[in-house]
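Structure record follows, encoded as structure tokens.
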Amino acid sequence: MLKLTKVSKIYEGKVAYRALTDIDLEIEKGEFVAIMGPSGSGKTTLLNIISTNDSPTTGQVEIDGRDPHKLKKNALAKFRRNELGFIFQDFNLLHTLTVEENIVLPLTLDGTRVKEMKEKAHQLAKSLGIEAIMSKRTYEISGGQAQRVAIARAMIHEPKLLLADEPTGNLDSKASKDVMGMLVSINEREKTSLLMVTHDPQAASYSDRVVFIRDGRLHSEIHRGESRQAFFQKIIDMLSLMGGDGNDFSSVRV
Amino acid sequence: MTFRQFAFNNVLRNKRLYIAYFLSSLFTVMVFFTFAIFAFHPAFSGGKVNQNALIGMAVAGGIIYVFSFFFVLYSMSSFLQSRKKEFGLLIMFGASNKQIRWMVFLENILIGFFATVGGILTGLVFAKAILLIAENVLIIEESLYFYFPTWAIIITFISFIFLFFCISLFVSFILRTNKLVDLIKGDKKSKGEPKASVILSVFAALLIAVGYGVSLYVEGLQVVAALIPVVLVVTLGTYLLFTQLSVYIIRRLKGNKLVFWRKTNMLLFSDLSFRMKDNARTFFMVAIISTVAFSAIGTLYGFQSYLTKGMKEVNQYTLSYSPWGNDSNETIENDLSIINGILEEEKIDSKMETLELTYFDNLIPDARVLVVKASDYNRFAALIGESEVHPAEQEAIVVEQSSAMLSEGPKASELLMDSPIALKDGTIVLPSQVVDTEVLNIMTGYYVVHDNVFEKFTSPDYRDFIAVWKAEDAGKEQLIEVGSKINEAIEYKVTAIDYQLYEIDKTFGPILFIGLFIGIVFFVSAGSFLYFRLFTDLEGEKQKFSSIAKIGLTDSELKKVVNRQVALLFFSPIVVALIHGAVALTALSNFFNYNLTVEASIVLGSFTLIQIIYFLIVRYFYVKQVMRAVM
Ligand SMILES: Nc1ncnc2c1ncn2[C@@H]1O[C@H](COP(=O)(O)OP(=O)(O)OP(=O)(O)O)[C@@H](O)[C@H]1O
Ligand SMILES: [Mg+2]
């Protein structure tokens, strides 16, 4: 489904900065992978490269057998719209639109029938618990609600690969459990591949596999075994091993 | 870092944000200043220019100033709108309201000061350019040389520093009323759509319809009486049109998901309604300003063509001479030889024809009528290439000059056609047809009869004399020279058409120039209102489009949205102004009872063309900017 080979990224500037070095990563269809690492380790950069919002300095990205970075601009736009779903760290909602309009935006661009759009939006909103705010504007909703709107927008066109940058960053533990539950059920039901960046070991424990990066390099990865509880513990251990302060990640939320 | 340093750095580091506001202020100052340069030009204050023109200029100056005020105010308010969040954060971090107001005040004074100085400097260059154009295009006696405009500088400087001072005070007061949360969410929150009510929307349509109806219905002097009420009604109607009707329409469109959720419509309309308040005001101002421009230029152009075209049509001969009633034959002989002498002197080949005109009472009721021999008529006709007439013996041909008919009422020909002529020997001559020519140039109409019949008209009740000349391939300059010489030698008795047109152009030149200048200034400032409207929102637009591009937006979709957005902005007020202008010019032509279709089409057509070019240029740069942000 997704295959990265020797991807490196150097930010040019007054001082060139090497944000990623030789990243190899493969994600199967229907797999749910979490990426963790200390702040500034290059997680968002990696996600941007996969999402084609940024291009790698060297190396290759392959999604579904195609290299999106080699697509023409228009084809790329269509590709993003149809194959990929994004949940951004900063939501990236349009504040001139209402919640509902934000959610259906990707579909309107493709000329989907209004009835179909409404149905889909309604369904998603129901499962995310945001029906009540559908006609509100973005400044009238909470951070957590905005997060869920962003999730709804990313999922409305049933993408093959869903990319999420800290989808639970703004949520309390109850809400974050709900959201993770949502993501897992989509992942299982639609066989959507999921790549999620997170700081939250709780959220990461919902995935099949956690990949750790540090200073722009792959550090290690751990697979989920039988129990989520054990997986969670392993993640915490790995984080403290990596030098990040394990207790940083709210161990209270068990 | 003191707070003052902070304020200063804030301006310097946020250049891009400030530049739109700065430029629009600078431009406004420039327009006003250029205008002031002309208003205070020594050539105009010398008293040679029509007093009405001066009043017109003063009024125009006032309008420009008022619009400047609103324009600067609007630019400033959208500018502050985009910075609300910044203020919110500052307050949150402990800046006092007083400090913020002081900062905004300082900033605005600073920007205002530099905009004023910059506007004056660019205005000097701009004025120089306009003067160059004016000198080459128009005949202006008191040549509009370039002078050092001390007065204009002083007036502009004081007016605008005062204006910026007032606005700065005003704005720092506005800030006080806002709550912190509102400030922080400022960039997400719309300034609000004006309230749209169905009743007011209908009222808007009604007002405009009534205004149009009245201005198209009234004729002659009624036009003057109707002018002010109609202007008020239409202005109010236009205001409501943009603030109510358009809001209402967009709301309806937004409410209709089939339309609103179709492809890129959502992006287009949501934005329109998000900025509806700003847009509605801008549209209103632009529409009114453009209407003023169209009408001013259309009126002057129409008036000039009314004066000159009529004269050109009526006066087909190069020169025509008619003596005073009591001039003796010697005087006439003498005059003719003077004229021929001057023509010879200037080496102009010309043909001359003379004729004794014979008028008769009693042919038609209450009037004296001229009767001309067919052969005489044909001599004159040949001179200006008109076709000859050959009336039968018992036939009279009625000649009239319809292009000279300015007044209303029954045509001269009707009366003449209805009056059979009974001669003393019992012969009856029947008027048979009307011929419309400029031969002989007699406004009231006359009979042409067969040479034989003419002999039977005995003892005319009144005699007059006419002599005409038609020059053969002489230059215009030459003819003007001749005209001027003849005019000096024999006052009032000679009509030298080229010279007279030249004189009209000369007196009309400065007035036309001022009108044209005012019109162009208005039009350009209307255009720049639109441009800066776009420019102010550019940063937000860039952000928006790059957000959407992340989800996936093709170039053609982006272009489509931007295109329509810019087109709507540029054309909706102009279309309204064009219609207003067309109606105004129609009313004007009713007033003069003179057909202005050609003139109006030329004026409105050229403005449309300019606007299209303007649109294409602005769109090009705007799309480029947005595309760059999306990349
Ligand atoms: N546009 C840029 N130009 C230059 N350097 C950048 C740019 N974007 C990110 N960086 C640098 O690259 C490194 C990785 O950034 P990135 O945003 O990927 O971190 P992250 O792992 O997502 O961190 P966080 O968990 O805080 O979101 C950081 O050191 C950052 O300073
Ligand atoms: Mg990040």
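Taking each residue as 0.36 nm, the span from residue A:55 to residue A:173 lengthens on full extension beyond its C-alpha to C-alpha distance by 39.0 nm. With a cut-off of 9 Å between beta carbons, the residues surrounding residue A:209 carry a summed charge of -2, where Lys and Arg count +1 and Asp and Glu -1.
Distance between the pseudo-spin-label points of residue B:151 and residue B:97 (7 Å out from Cα toward the beta carbon): 4.6 nm.
Across peptide A:112-119, the mean count of Cβ atoms from other chains lying within 10 Å of each residue's own Cβ comes to 2.
Using the reciprocal of the averaged 1/r over all distinct C-alpha pairs, how large is the Kirkwood radius of the stretch A:2-248 in Å?
Working: mean 1/r = 0.0538 Å⁻¹.
Across the stretch A:2-248, the inverse of the average 1/r is 18.6 Å.
Springs between Cα atoms under 10 Å define the GNM used for chain A, and in it the highest mean-square fluctuation of A:66, A:209, A:224 occurs at A:66.
Looking at the protein assembly as shown, send over the antiparallel percent of its DSSP beta bridges, to the nearest 5. If you can, show how the numbers build up before the last one.
Working: 46 of 73 bridges.
Within the protein assembly as shown, antiparallel bridges account for around 65 percent of the total.
The slack in the chain from residue B:345 to residue B:313, taken as 0.36 nm per residue of separation less the alpha-carbon distance, amounts to 8.7 nm. So which of B:347/B:456; B:15/B:195; A:3/A:174; A:14/A:160; A:126/B:550 end up more than 32 Å apart by C-alpha? Correct reply: B:347/B:456; B:15/B:195; A:3/A:174; A:14/A:160. Computed about the Cα centre, the dipole magnitude for the stretch A:1-108 is approximately 420 debye when only Lys and Arg (+1) and Asp and Glu (-1) carry charge, each at its Cβ. Overall shape of the stretch B:448-501 was characterised from the C-alpha gyration tensor. The equivalent ellipsoid obtained from it has semi-axes of 34, 15, 7 Å, in decreasing order. Secondary-structure-derived ellipticity at 222 nm for chain A, considering helices only, amounts to -11500 deg cm²/dmol, per-run term -39500 (n - 2.57) for DSSP H runs with n ≥ 4.
Using the Kirkwood formula on the Cα atoms of chain B, what hydrodynamic radius do you get, in angstrom to one decimal?
Numbers: mean 1/r = 0.0339 Å⁻¹.
Kirkwood radius, chain B: 29.5 Å.
Give, as ranges by residue number, the residues of the stretch A:89-116 whose backbone N falls under 17 Å from the point 7 Å along Cα→Cβ of residue B:262. Hits in the stretch A:89-116 for residue B:262 at 17 Å: A:107-116.
The calculated 222 nm mean residue ellipticity attributable to helices in chain B amounts to -23500 deg cm²/dmol, summing -39500 (n - 2.57) over DSSP H runs of n ≥ 4 and dividing by all residues. Hydrodynamic analysis of the stretch B:319-502 uses the Kirkwood radius over alpha carbon pairs. Inserted into Stokes-Einstein at 37 °C and 0.692 mPa s, it gives a translational diffusion coefficient of 186 µm²/s. Amide H to amide H distances under 5 Å link residue A:20 with A:9, where only residues 5 or more positions off or on other chains count and H is placed in the peptide plane.
I'd like to know which of B:421, B:492, B:332 lies farthest towards the positive end of the charge dipole of the stretch B:319-502, counting +1 on Cβ of Lys and Arg and -1 on Cβ of Asp and Glu. Ranked along the dipole, the leading option is B:421. At the listed q of 0.07 Å⁻¹, the Debye profile of the protein assembly as shown, built from one uniform point per Cα, gives log10 I(q)/I(0) equal to -0.75. At an R0 of 25 angstrom, the distance between the Cβ atoms of residue A:75 and residue A:5 translates into a FRET efficiency of 0.70. Taken about its Cα centre, the stretch B:319-502 carries a charge dipole of about 280 debye when Lys and Arg each add +1 at the Cβ and Asp and Glu each add -1 at the Cβ.
May I ask for the net charge around residue B:240, where only other residues with Cβ less than 13 Å from the Cβ of residue B:240 are counted and Lys, Arg are +1 while Asp, Glu are -1? Spell out each step's value before the answer.
Numbers: positive: B:195, B:281; negative: none.
Net charge in that neighbourhood comes out at +2.
Phi-derived couplings, Karplus 6.51 cos²θ - 1.76 cosθ + 1.60 at θ = phi - 60°, listed residue by residue for the stretch A:53-60: 6, 9, 10, x, 6, 9, x, 10 Hz, with x used for Gly and Pro. Peptide A:76-88 shows a mean partner chain C-beta count of 3 within 10 Å per residue C-beta.
Highest mean first, the peptides B:324-335, A:186-197 sorted by other C-beta atoms within 10 Å per residue fall in the order A:186-197, B:324-335.
Take the Cβ atoms of residue A:185 and residue B:170, set R0 to 41 Å, and the FRET efficiency comes out at 0.15.
Specify the longest stretch of chain B that does not include any exposed loop site, a site being one of the trypsin sites (Lys or Arg not before Pro) with a non-H, G, I, E, B DSSP assignment and at most 11 other Cβ atoms within 10 Å. Write down the numbers at each step before the final one.
Numbers: sites that count: B:48, B:179, B:195, B:347, B:424.
No qualifying site falls inside B:425-631, the longest such stretch.
Counting every Cα pair in the stretch A:1-75, what percent are over 16 Å apart? It works out to 51 percent of all Cα pairs. The relative contact order of chain B, computed from alpha carbon pairs under 8 Å that lie at least 6 residues apart in sequence, is 19 percent. Of B:66, B:273, B:289, which is farthest along the charge dipole of the protein assembly as shown in the positive direction, counting Lys and Arg as +1 and Asp and Glu as -1 at C-beta? So the residue we want is B:273.
Per residue of B:540-553, other chain Cβ atoms within 10 Å of the residue Cβ number 6 on average. Relative to one another, the C-alpha centroids of the stretch B:256-277 and the stretch B:482-519 are positioned 57 Å apart. Using Cβ point charges alone (K and R +1, D and E -1), the dipole size of the protein assembly as shown about the Cα centre works out to roughly 7680 debye. At residue B:506 and residue A:14, where each label point lies 7 Å from the Cα along Cα→Cβ, what is the point-to-point distance in nanometres? Taking the simple label geometry, residue B:506 and residue A:14 are separated by 6.9 nm. The amide H of residue B:396, built 1.01 Å from its N in the peptide plane, has B:430, B:432 as neighbours under 5 Å, considering only residues 5 or more places off or on other chains.
No lab work stands behind these numbers, since they all come straight from the coordinates. This structure is a prediction, so every number in the text was calculated from the model and none was measured. Reconstructed Cβ throughout: ideal geometry from the backbone, glycine too, with neighbour counts over all protein chains shown.
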